[in-house]
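The values are calculated or read from the model by the stated rules, or taken from the named source; none is laboratory data. For clarity, every value in this text was computed on a predicted model and none was experimentally measured. In this analysis, Cβ positions are derived from the backbone assuming ideal geometry, glycine residues included, and neighbour counts consider all displayed protein chains.
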Amino acid sequence: MRILQINTIRAITATGRISEDIEANILNAGGESYIAFGRNRCDNNTYRIPVGDRWDMYVHGISSLLGDNHGLASVKATLRLLREIDRINPDIIHLHNIHGYFIHYPVLFDYLKRKNYPVVWTLHDCWTFTGHCAFYEQIGCTKWQTGCYDCPQLRTYPASFFKDQSKRNWELKRNSFLQLNHLTLVPVSRWLSKELENSFFSGQSVRCITNGIDLSKFYRDITLNGELDFPYVIGVAYPWTRRKGLADFLKLAEILPVNTKIILIGLSVRQQIGLPSSIIGFKRIKSRDRLRQLYSKALALVNLTYEDTFPTVNLEALACGTPVITYNSGGSPESVCKETGVVIPKGRYDMIGGALDILNQTDREILANKCRKRAEEHYNHKKQFDQYIDLYKELLKEHKHENIHHNGMQE
């Protein structure tokens, strides 16, 4: 079993870590794994394939900014990738995020159609079936269901400043992506699965596999040694874009009890300037040990995202024994049950105090154990990503049977 994964960024992002977690399970199953990626350093690993270089990314970015051509540049880089795929001759191609200024998707999909590879495509956002944006829930846009036009989010990622090609992009994606005979879509949440039913992917093969995390790295750890010895809630994002709810945290700081503070992780230097005294801002924390300790001592992870598919920060908090308070947006509520958190309507940050009161009705140790148990039962990354191994085997069996049948018909 030889698997090639294609993803935007290696390791340092949630989707990059998911690729490498899946790879670990492939290797444990006796398979062979390759990862092609658009950005981040290459460690000269034989099984790592950089797609293009920084110059390719810049040229692609300019084309996207000027002409709404995201995914329609990097032709030479994509052709080089195809030569690498020919050399590797994988059994299955596993796509993740193919947006990110590094792939020409019509060239890639024409090749996949011609080679007749089984393709697994993990969907981490909604870019795959819209004419422009990666998320649309915050503005309530439904144009993607029948055909995009007059895009209201041209200035959002992947930003276009001069042209609206959303109608063309939607049609080109539909024609490119639906031409494959062996495509299995893997949304990471039930919410995203339902969105696919209303998109041009309706009727395609779908298998929902939620994200998982490494429970040996995220667990309850209250060893801050007196540091931050006050009650606080924590918010984690990177980057803190408008949809992540930073403005709501600033409003929340005005109404929380005086002795309760907010810790926000992942802020830019600019975003840290002028924070009220009740908010302690950190830049991105690369140390998992440090992040684990901050999660573990928090009263709750507060996730005020207005649109998300299945945030891993919720899972990390639960694994550290910390309950989650989240807006009812996208797939974020799916990781929370009534014993491990509270779901509140979008925009109702004023309900967080009451949510904390509800959580405080349960003894902290009991609550921490319930949160950890939920993470162990549902979000152990090995169990979650073993489902991909099962899917690969199933698809390979079907593909082999089809080839035998096809060859028999020819004879």
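If only residues of the stretch 114-141 that are of a type in the set (Phe, Trp, Tyr) and within 17 Å of the chain's Cα centre (by Cα) are counted, the one that is nearest to Ser176 (Cα to Cα) is Phe129. For the stretch 124-143, check the following and say yes or no: at least one residue is more than 24 Å from Ser329 (Cβ to Cβ) and assigned by TED's automatic domain parsing to the domain that holds Tyr34. No, the stretch 124-143 has no match at all.
Per-residue answers, yes or no, for (1) surrounded by 18 or more Cβ atoms within 10 Å (Cβ to Cβ); (2) within 24 Å of Thr210 (Cβ to Cβ):
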site: Asp150; (1), (2): no, no
site: Arg155; (1), (2): no, no
site: Pro158; (1), (2): yes, no
site: Phe161; (1), (2): no, no
site: Glu171; (1), (2): no, no
site: Arg174; (1), (2): no, no
site: His182; (1), (2): yes, yes
site: Leu185; (1), (2): yes, yes
site: Ser189; (1), (2): yes, yes
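Within the stretch 58-82, which residues are of a type in the set (A, V, I, L, M, F, W, C) and either farther than 11 Å from Phe102 by Cβ or part of a helix (DSSP H, G or I) (or both)? The answer is Val59, Ile62, Leu65, Leu66, Leu72, Val75, Ala77, Leu79, Leu81, Leu82.
Yes/no matrix, rows are residues, columns are (1) under 30 Å from Ile255 (Cβ atoms); (2) surrounded by 14 or more Cβ atoms within 10 Å (Cβ to Cβ); (3) outside the structural domain of Val206 (by TED's automatic domain parsing):
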{"site": "Glu365", "(1), (2), (3)": "yes, no, yes"}
{"site": "Gln387", "(1), (2), (3)": "no, yes, no"}
{"site": "Glu394", "(1), (2), (3)": "no, no, no"}
{"site": "His399", "(1), (2), (3)": "no, yes, no"}
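Of all residues in the stretch 236-274, those satisfying the criterion of being over 21 Å from Asp357 (Cα atoms) and among the hydroxyl-bearing types (Ser, Thr, Tyr) are Tyr238, Thr241, Ser268. Listed by first and then second residue, the pairs linking a residue in the stretch 172-187 that is small (Gly, Ala, Ser) to a residue that is in a helix (DSSP H, G or I) and at pLDDT 95 or above, with Cβ atoms under 9 Å apart and 6 or more places separating them unless they lie on different chains, are Ser176/Tyr105; Ser176/Pro106; Ser176/Leu108; Ser176/Phe109; Ser176/Asp110; Ser176/Lys113.
Could you list all residues from the stretch 280-317 that are more than 18 Å from the chain's Cα centre (by Cα) and hydrophobic (A, V, I, L, M, F, W, C)? If the condition is that a residue be more than 18 Å from the chain's Cα centre (by Cα) and hydrophobic (A, V, I, L, M, F, W, C), then Ile280, Phe282, Ile285, Leu291, Leu294, Ala298, Leu299, Ala300, Leu301, Val302 are the ones that fit. Taken together, Arg114, Arg168 contain a single residue that is in a helix (DSSP H, G or I), touching a residue at least 12 places away in the same chain (Cβ under 8 Å) and among the basic types (Lys, Arg), which is Arg168.
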